[in-house]
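Heads up, the thing below is written out as structure tokens.
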Amino acid sequence: MCRGNVVMCNLKPAKMRGVTSEAMVMCASTPAKVEVLSPPVGAVPGDLVHCEGYTRQPDAQLNPKKIFETCAPDLMTNADLVACYKGSALHVPGKGNVVSQSLKNVNVK
């Protein structure tokens, strides 16, 4: 059951197939399968995702290429399907963790 999507917003505008995009849907990914990450039950559009142990200080506008060159190697799901950065859970405070439906120990893109 899909409860919604986890989206990275405030990206530098880029044309994708002729349409300007300023956000990206976050997915767990293998060469054979891609799954959209799900927010916790009770999360609503606009809820902010935090990373345990890190202070949330977003840039006003993010460069997608820079993000993935620096952060992508450390974005993964764990054995419990929880999306993590450097092993720390991505979560919506008071509501729960961001999860994949079935992909364990894979990259998040």
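The values are calculated or read from the model by the stated rules, or taken from the named source; none is laboratory data. Not measured: the values here are computed from a predicted model. As a convention, Cβ positions derive from the backbone with ideal geometry for all residues, glycine included, and neighbour counts pool all protein chains shown. For the accessible areas, the whole protein counts, side chains as well, though only heavy atoms, and no ligand, DNA or RNA atoms are used. Shrake-Rupley method; radii C 1.70, N 1.55, O 1.52, S 1.80 Å.
Could you tell me the convex hull volume per residue, in Å³, taken over the Cα atoms of the chain?
Convex hull volume per residue, Cα atoms: 120 Å³.
For the range 93-109, just list the computed ³J(HN,Hα) in residue order, Karplus coefficients 6.51, -1.76 and 1.60, θ = phi - 60°, integers in Hz, with x standing in for Gly and Pro.
Here the 3J(HN,Hα) series is x, x, 10, x, 8, 7, 9, 9, 6, 8, 8, 9, 6, 10, 5, 10, 10 Hz.
Over all directions, how big on average is the projection of the convex hull of the alpha-carbon atoms in the range 58-109, in square nanometres?
Mean projected area for the range 58-109: 4.2 nm², to one decimal.
By the gyration tensor of its Cα atoms, with a ≥ b ≥ c the square roots of the eigenvalues, what is the shape of the range 42-81: rounded for a/c under 1.5, prolate for a/b over b/c, or oblate?
Oblate, because a/c is 1.5 or more while a/b does not exceed b/c.
Where does each of Glu35, Glu22 land when they are ordered by accessible area, with a 1.4 Å probe and the largest first?
Ranked from most to least accessible, the order is Glu22, Glu35.
With a 1.4 Å probe and every protein chain left in place, work out the accessible area per residue of the chain in Å², rounded to a whole number.
With all protein chains present, the chain gives 64 Å² per residue.
Can you list the lysines whose alpha carbon sits under 19 Å from that of Lys15, skipping same-chain ones fewer than 8 residues off?
Lys65, Lys66, Lys109
Please report the carbon-and-sulfur percent of the accessible area for the chain; probe 1.4 Å, protein heavy atoms only, DNA, RNA and ligands left out.
55 percent
Sequence-distant or interchain residues sharing an amide H contact under 5 Å with Leu62, placed H: which?
Leu11, Lys12
Charges only on Cβ, +1 for Lys and Arg, -1 for Asp and Glu: so what's the dipole of the chain about the Cα centre, in debye to the nearest 20?
The calculation lands at about 300 debye.
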